[in-house]
1. Out of 12, 99, report the one residue that is part of a loop (DSSP other than H, G, I, E, B), modelled with pLDDT under 90 and surrounded by 14 or more Cβ atoms within 10 Å (Cβ to Cβ).
2. Residue 92 versus (1) surrounded by fewer than 17 Cβ atoms within 10 Å (Cβ to Cβ); (2) within 16 Å of the chain's Cα centre (by Cα); (3) without any contact (Cβ under 8 Å) to a residue 24 or more places away in the chain; (4) under 25 Å from residue 27 (Cα atoms): which is the lone unmet condition?
3. Pick from 49, 65, 43: which is without any contact (Cβ under 8 Å) to a residue 24 or more places away in the chain and in a helix (DSSP H, G or I)?
4. Sort out which residues of region 78-88 are in a helix (DSSP H, G or I) and out of contact with any helix residue (DSSP H, G or I) (no Cβ under 6 Å at 6 or more places or on another chain), and write them in order of number.
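The values are calculated or read from the model by the stated rules, or taken from the named source; none is laboratory data. Because the structure is predicted, anything quoted here is derived from the model rather than measured. Positions of Cβ are backbone-derived with ideal geometry, glycine not excepted, and every protein chain shown enters the neighbour counts.
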């Protein structure tokens, strides 16, 4: 399964040179988990807690809460009735909040020790100018192969 589009190349991308990448620490942030509004399933409440206890929560503010609650409602609707028409809106909201590796690359965010380092040297190959060649999967030290709880 491939990714859509090219991976941003920090060495060649103007935005990356101008603003840089934001490295998000994996250490606990200690912020309280806000309570979702309304009544939700246990599965949805568990998802809400994962979002707000996870490292990305440091990038969100109180103003983002309403949109995250809308995403939670969409998740619940999809879980109750897997209608693929919901997936586009779910994907849009996930992208806004950096909830996927591709979304984090577009936002120039990297989670310390999890995402591919933004400072890794780019290598140009047959993919054309500006395309970064990622290290081979499964190699020693590949952050994608670490065990998570």
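1. 12
2. Single failed check for residue 92: (4).
3. The unique qualifying residue is 49.
4. The answer is 79, 80, 84, 85, 87, 88.
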